[in-house]
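Student: Handing you this structure, nothing more for now.
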Amino acid sequence: MGTHKKENNRKMREGKTGDGMGNVKVKGENFYRDAKKVKVLKRLTDGKAQRNAAGDITKAASYQSRDRPVARVEPNRKWFNATRVISQDALESFRSAINAQASDPTTYLMKQNKLPLSLIEEQKNVNGLKEHAAKIAVESQPFSETFGPKAQRKRVKLNFSSAEDLAGRTAQMQDDYVDRLEQARLLSGKSGEESDEDEEARTLTTARESVFGKGTSKRIWNELYKVIDSSDVILHVLDARDPMGTRCRSVEKYIRTEAPHKHLVFVLNKVDLIPSKVAATWIRLLSKEYPTLAFHASINNSFGKGSLIALLRQFSSLHSDRKQISVGLVGYPNVGKSAIINTLRNKPVCKVAPIAGETKVWQYVTLMRRIYMIDCPGVCPPNPSDTDDVLLMKGSIRVENVEYPAQYVDGVLARIKQKHVERTYELKGWTDANTFLEMLARAKGRLLKGGEPDMDGVAKIVLNDFIRGKLPWFSAPPSHEKTEDATETGVEGREGRLGEMSRKRKRDETGASDRAPSTAEGDAAPAQADDDDDDDEDEDEDFEGFSDEEGIEIDAEDDSDSAEDAQTLVSDGEAIEDDAAVEDEVLAISKALAQAKKAGKKK
Ligand SMILES: Nc1nc2c(ncn2[C@@H]2O[C@H](COP(=O)(O)OP(=O)(O)OP(=O)(O)O)[C@@H](O)[C@H]2O)c(=O)[nH]1
């Protein structure tokens, strides 16, 4: 079989003409098989399956094979387009080589466009706009021409001549804005109807210092939810001076709705800063909602440690099926969460500082073999009543970072009785916050250049004294509001307090108590300690394995007073209806607190 012409000649020669004479092709048609046809033919001929005598397939045809063919994807350079990286060292050496070449006057760089010149040139304009501005100011106009005596630069045209004018213009702008709003409402046919949005639009918002947004970031909330999710018991730490203000309602609601199986307990910390009676009243009030404990965090002179441990132990026995329980501490910044953990561990395991935001991330601490504690960074939940000054006075904001702290001293003075401020700073006769700060600055020698008083400097001192408990204050519980002068009652009744003034009073009181014969109450503590010895045996079980390095030691005295307090101070959350019973309970709690404080002082 040959090609067209040859084949035709053969057929002519042999006299074979017409159809049905083999694979004769008509001129004009493709003689050769195309790829598709070849494939089909191959499948029919070459790829036949082998069968045995019975007709069963013994070897499958290639197209019948179930083996996966080996496939390879051809590598392509384009895949690596976005990953052209160079190490810093290589870049540095490349830069120096090119710089050497470029700075050589006898040579020059060819084909510059082939080089990544943006990498080679040192980044000069790091500061972007600043650099640009400096260039304009200094390069295009040298310093002497811009600012010096020969300055040629034109003064900026301002359409006000004094600070009063400027202030007046601001008020004028506000009026114009309100007029424009009114006009827009008239045009839209809504005149006369007042909506919340309009009200909001009328009050121009002022820029807020970023420091007041601390404790509200997404990161902090993530930390909080991590702690809540991993805890079986949540200790909500409150500042005893302002328990309602330091309650995180949104967190409580979240636990109530999303995790009702978790136990929430209020810990009223810093009870040493308020009178026992007030603490007892707060405990009674808060216990109606959740179990509440009074606590004074201090490694050497704590209160409520034993009762808290007893409570946690009860929770752990509730979950006896679990290997261990986790106890998370949540609350506003600076309420003493880390201090409580340190008190329970009897050694500084968490960082404690008198400034907010010391705890940055959650932290696991082993309390006992079966109880783990989780420290959480302080959170400031969204609360419309938490204005900047309120947040600052709660201690949730670092005073050092506030730009003009003097403006918040007014609020501080409003919360404290004047005589306590007078006694703390040994000052008298101010009329308002400004004169107070001025007098204090002069008394403390905090003066700026030219003898100007450093108002912001002393304001920081006052705010810190207020937050740290040197200036006595507390918010009165609802029932106390009746006793018109709450601060008065409180301060006279209070004992231990941070700072000089408290030390003075403490000295007086210690003297008085030394003179007084020992009371039955005073003697009660050691007796209780003996009673508790039995319990200590099974405590040891829990503490075993930690007794050497990790374990916490609970001293007999501490345990004794608090073991008793556990019943007195931890109420199970039932509402107390009967007034007489309430009175009795308040008395009992305040007695227990006073007794514990006395015991602490004696120690
Ligand atoms: N007087 C008194 N001060 C306390 C008590 N507990 C804590 N403090 C003080 O309160 C300050 C804050 O304590 P921290 O334990 O750092 O508070 P925190 O809640 O962990 O704070 P963040 O790290 O901001 O979350 C420290 O200066 C403590 O000494 C207490 O019971 N009484």
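Every number here is computed from the coordinates shown, using simple stated rules; none is lab data. Keep in mind that this is a model prediction, so the values were computed, not measured. Here the Cβ positions follow ideal geometry from the backbone for every residue, glycine too, while neighbour counts run over all protein chains shown.
Student: Starting from the Cα of Asn159, move 7 Å in the Cα-to-Cβ direction to define the label point; list residues of the stretch 169-184 whose amide nitrogen is under 16 Å from there.
Tutor: Answer for this model: 169-177.
Student: What nm distance separates the two modelled labels at Arg66 and Ser217, each placed 7 Å from Cα along Cα→Cβ?
Tutor: Those two pseudo-labels are separated by 5.9 nm.
Student: So who's got an amide H within less than 5 Å of the one on Ile325, skipping anything under 5 residues away but keeping other chains? H placed 1.01 Å off N, in plane.
Tutor: Close amide H contacts, sequence-distant or interchain: Ile371, Tyr372.
Student: Grab the beta carbon distance between Gln183 and Lys253, set R0 = 60 Å, and tell me the FRET efficiency rounded to 0.05. The partial results should precede the final answer.
Tutor: Numbers: r = 43 Å, r/R0 = 0.71.
Using R0 = 60 Å, I get an efficiency of 0.90.
Student: Please report the orientation-averaged projected area of the stretch 235-381, defined via the convex hull of its C-alpha atoms, in nm². List each step's numbers first, then the result.
Tutor: Numbers: hull surface 33.6 nm².
Average of the hull's projected areas for the stretch 235-381 equals 8.4 nm².
Student: Quick one: putting +1 on the C-beta of Lys and Arg, -1 on the C-beta of Asp and Glu, what dipole do you get for the stretch 203-334 around its Cα centre, in Debye to the nearest 20?
Tutor: 60 debye
Student: Now for a different question. For labels at Arg442 and Asn401 in the simple 7 Å Cα→Cβ model, what's the distance in nm?
Tutor: 3.5 nm
Student: Based on the Cβ-Cβ distance from Val38 to Ala90, what FRET efficiency comes out when R0 is 45 Å, to the nearest 0.05? Let's see the in-between values first.
Tutor: Values: r = 54 Å, r/R0 = 1.19.
Given R0 = 45 Å and the Cβ-Cβ separation, E is 0.25.
Student: In this model, which of Lys351/Lys419; Lys214/Lys347; Lys218/Lys351; Lys337/Lys428; Lys305/Lys417; Lys351/Lys460 are farther than 26 Å apart at the alpha-carbon? If you can, show how the numbers build up before the last one.
Tutor: On the way: Lys351/Lys419 35 Å; Lys214/Lys347 28 Å; Lys218/Lys351 22 Å; Lys337/Lys428 37 Å; Lys305/Lys417 32 Å; Lys351/Lys460 23 Å.
Among Lys351/Lys419; Lys214/Lys347; Lys218/Lys351; Lys337/Lys428; Lys305/Lys417; Lys351/Lys460, the Cα-Cα distance tops 26 Å for Lys351/Lys419; Lys214/Lys347; Lys337/Lys428; Lys305/Lys417.
Student: Whole-Hz Karplus ³J(HN,Hα) for the stretch 406-418, in order, using 6.51 cos²θ - 1.76 cosθ + 1.60 and θ = phi - 60°, x for Gly and Pro?
Tutor: 4, 5, 9, 5, 3, x, 5, 5, 5, 8, 10, 5, 4
Student: Based on the Cβ-Cβ distance of Lys347 and Thr387, what FRET efficiency does E = 1/(1 + (r/R0)^6) give at R0 = 30 Å, to the nearest 0.05? Don't jump to the answer; show the numbers that get you there.
Tutor: Numbers: r = 38 Å, r/R0 = 1.28.
The pair Lys347/Thr387 has a calculated efficiency of 0.20.
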